[in-house]
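Notes follow the structure.
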Amino acid sequence: MSNLNVISLFTGAGGLDLGFSAAGFNIALASDIMDEACDTLRSSKTGSAVFGPPFHSGSVYDLDVKTIKSLAGITPGKIDVMVGGPPCQPFSVAAAQRFLKSDTKFKRKGFGCEEKGQLIFAYVRLIIELMPKVFLIENVPGILSIDGGESINLVISVLEDAGYTISSPMVLDAKDYGVPQNRKRAFIVGNLDGKKLQVPDPTHSKTPSLFSKKHRSVADALCGFDFTMPNSEIRNHAQESLKRYKKLKTGQRERLGRVDRLDPNLPSKTVIAGGASGGGRSHLHPFQARTLSVRECARLQTFPDSYVFNGKNGRQFTQVGNAVPPLLAEVLARQIMTTFFKKSVPPNPVHQIPDNSSSSYSELLKWSIETRPDLLYNDIRTEIN
C-alpha cells in the first residue's frame, strides 16, 4: 500500500478516488452525504474509511481535524493530497467574503450556511485547517467564470495567502485523454512546494498522429457488453416511446423524451446524472432503441465492470453521471505523482479502454442484432435486410 495518503471530499461514487488509487496513492478517507454513494464506496473494497450515512452526516461542515484523525489516523500536515468536486451551483461573492474573511484562521466561525453554492468555501476552510501538501478542486468549467471570475479569484487569493502555489486553472476534455465521452471539467491544483503543474499532454485526438491516438468511440466502450454484469438492467420502454425512438437517425434527438441516439463512431455526449430526486436518465444506445443501462454509462465513464453501484436504479445513474471519469482522474493523479512527489508511474493508465476500434463497430452491431432484435432502429433493420 502506498504511503501517500489522500483525503477525498464530495466523493460520490469514487471516480477521482479510483484514478488516484490507480496512480499509486492511498485513499485514506472518503466523504459524501448521499446514502447510496456511501454504500457504493463501502462495498468497493478500496479499504478507505468513509465519512457519511448512516454512521455520519457526510457533510463537510461536520468534518474536522478530530474526526479525520479518528477515522483515518491522519493529522494536519500528514495529508499528502486532498481532492474533491464541490457542487457547482452559483456562488455568492458576499457569502464568500463572509465565510473566508471573517476569521483570520478560517475556523468554523462564519461557516454556518449550508447552501450548496457555498460548499467550496467550506472545502477551502478544510484545506487551510489540514494543510495537505497538494490539493485538487474539480468542477464544471463555469466555476472559472461565474461572477466574472470574482468568486474563484477570491478562493485562489485566500489559498495563496495560506502558503499555496496555485497552478493555472485548466479545463480538460475527457475525450482527449482516452475517455469515450465529450466531458469538459475544470481543475485547480495547489501545492506547498512552490511548483506548478503542467497541463497533461493529450493522448487522443479526432485525427490520430505520431503523438496521439484516435478518440475512443461509443462502440469501443460498449463492445463486449454482457447483460449479466452488475448494474446492467435495461428499462422497459412504453411501446409509444419505442416507436418514436426507432425512427431516430444516428446522433438525432427525440424531443419529447429529450434523449439522443448516440453515434457509435464518436465519443459519447456527456453522461448525465438525472434528477436530484432520483430520476435516472441516459442517452440512447446506438443500435438498440432504448436508453443505456447504468453499466453502459459506467463504461462511457471508464469505470471497471467489477465496480458495483448501490441503491435504486435512478440513484445509480446519479452516481455515475456525477462522477469524474476514473481515467481522466488517473491522468491528473499520475501528473501529480511525478511532479510533486517525484515518483514513477506505470507506463500505461490502468483505466484506459482497449484499442479495438477496427472491429468494435461490427462487433457491437452483431451483438445488438443477436441479443435484442426487437429493439433495433428502423434504419438498422433496413441495413441488415
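A few remarks follow.
- Residues being touching a residue at least 12 places away in the same chain (Cβ under 8 Å), outside any helix (DSSP H, G or I) and at negative phi - total across segment 57-82: 11
- Hits in segment 125-147 - residues which are touching a Leu at 6+ places or on another chain (Cβ under 7 Å) and among the small types (Gly, Ala, Ser): none
- Residues of segment 34-56 that are in a loop (DSSP other than H, G, I, E, B) and touching a strand residue (DSSP E or B) at 6+ places or on another chain (Cβ under 7 Å): THR46, SER48, GLY52.
- Per-region count, segment 300-322, residues out of contact with any Phe, Trp or Tyr (no Cβ under 7 Å at 6 or more places or on another chain) and in a helix (DSSP H, G or I): 8
- Qualifying residue in segment 343-350 (condition: in contact (Cβ under 8 Å) with a residue 12 or more places away in the chain and within 23 Å of ASP220 (Cα to Cα)): yes
- Considering residues of segment 1-59 that are surrounded by 18 or more Cβ atoms within 10 Å (Cβ to Cβ) and among the charged types (D, E, K, R) only, the residue nearest to PRO346 (Cα to Cα): ASP17
- Single unsatisfied condition, PRO347 versus (1) in contact with a helix residue (DSSP H, G or I) (Cβ under 7 Å, 6 or more places away or on another chain); (2) surrounded by fewer than 16 Cβ atoms within 10 Å (Cβ to Cβ): (1)
- Residue in segment 92-106 that is surrounded by fewer than 24 Cβ atoms within 10 Å (Cβ to Cβ) and modelled with pLDDT of 90 or more present: no
- Applying the set (1) more than 23 Å from LEU172 (Cβ to Cβ); (2) modelled with pLDDT under 85 to ALA122 leaves exactly one unmet item: (2).
Residue-by-condition table, conditions (1) touching a residue at least 60 places away in the same chain (Cβ under 8 Å); (2) aromatic (Phe, Trp, Tyr); (3) crowded, with 22+ Cβ neighbours inside 10 Å:
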{"residue": "LYS269", "(1), (2), (3)": "yes, no, no"}
{"residue": "THR291", "(1), (2), (3)": "no, no, no"}
{"residue": "ALA298", "(1), (2), (3)": "yes, no, yes"}
{"residue": "THR302", "(1), (2), (3)": "yes, no, yes"}
{"residue": "PHE309", "(1), (2), (3)": "yes, yes, yes"}
{"residue": "VAL324", "(1), (2), (3)": "yes, no, yes"}
{"residue": "PHE341", "(1), (2), (3)": "yes, yes, no"}
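- Failed condition for LEU365, given (1) touching a Gly at 6+ places or on another chain (Cβ under 8 Å); (2) in a helix (DSSP H, G or I); (3) at pLDDT 95 or above: (1)
The values are calculated or read from the model by the stated rules, or taken from the named source; none is laboratory data. Everything numeric here is computed off the predicted structure, so don't read it as measured data. Cβ atoms come from the backbone with ideal geometry, glycine included; neighbour counts cover every protein chain shown.
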